[in-house]
Structures are given as C-alpha cells and as structure tokens.
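The block underneath contains the structure these notes are about, expressed in structure tokens.
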C-alpha cells in the first residue's frame, strides 16, 4: 500500500508541474498579446491626433446632365497620409475619385486635388473627405 501511494503522489506532482508550466506559458503569451495591442492602440491614437485636413475649395464642372467635382484640400496635420486611401462621400454616398499626381504620399502642408466624375443633381451638395485615420472634413458646393 505504501508503494501505491507513492506512485499516486508522484503522478499528481508531475501533473501539477505540467499544468503549472502550461498555465505559465499561456499567461505569458496572453500578456504579450495584450502589451502589443496596447502599443498598437497608442500608435493609432497618436496618428489620429496628428492628422488633419482642410477642404479649401469644391468646384463643380459644367452641368450637362452630369458633372465632375474637383476638390482642393490641404494636409494641415503633421502626419504623412496616403492620397489613394481617402474616402470621398457626396451627400452621404461613397464615390470613386481620381487624382493626377504621381505620388500617393501626401505630406503635411501639401495641397492636392481630386476629381469625382459623373455626378448628378442640381442645388447645394455636401462633400466629405475621410482620411485613413478616420479624420474628416466637410465642404459644400452648388451646381
């Protein structure tokens, strides 16, 4: 009976060591993932705080059933943005746009133009431009 108790105690001890080792590994991995996520969140918040843009002008082309809208904007923040990652909304609808500049990077204090083609409707319209960081500016124009 003494030998059987020793074997059971040894099995429990080995099981406890294995469970403890696995628990430590899992907790360490979880802690590393949480730390990485926190650092990434801080970086995203910093980019958002340093991002700003201003719509300088919105000009609609000649109306012949449809028109083209040219929007002139300035990157007034301190963050370099990707000009091809902007979202342009006209009266709340997401629209495709084109730009003639060859560089897709948009550095601070640089003014750029984009063109939205084949728009319809007359009257006053609202344009919204949203950066990759979620920062937006609004403007209005009349057709």
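Before moving on, here are some points about what is shown:
- Filter pass, residue 84 being closer than 23 Å to residue 115 by Cβ and part of a helix (DSSP H, G or I): yes
- Residue in segment 60-75 that is on the phi > 0 side of the Ramachandran plot and assigned by TED's automatic domain parsing to the domain that holds residue 107 present: yes
The values are calculated or read from the model by the stated rules, or taken from the named source; none is laboratory data. All values derive from a computational prediction rather than experimental measurement. Cβ atoms come from the backbone with ideal geometry, glycine included; neighbour counts cover every protein chain shown.
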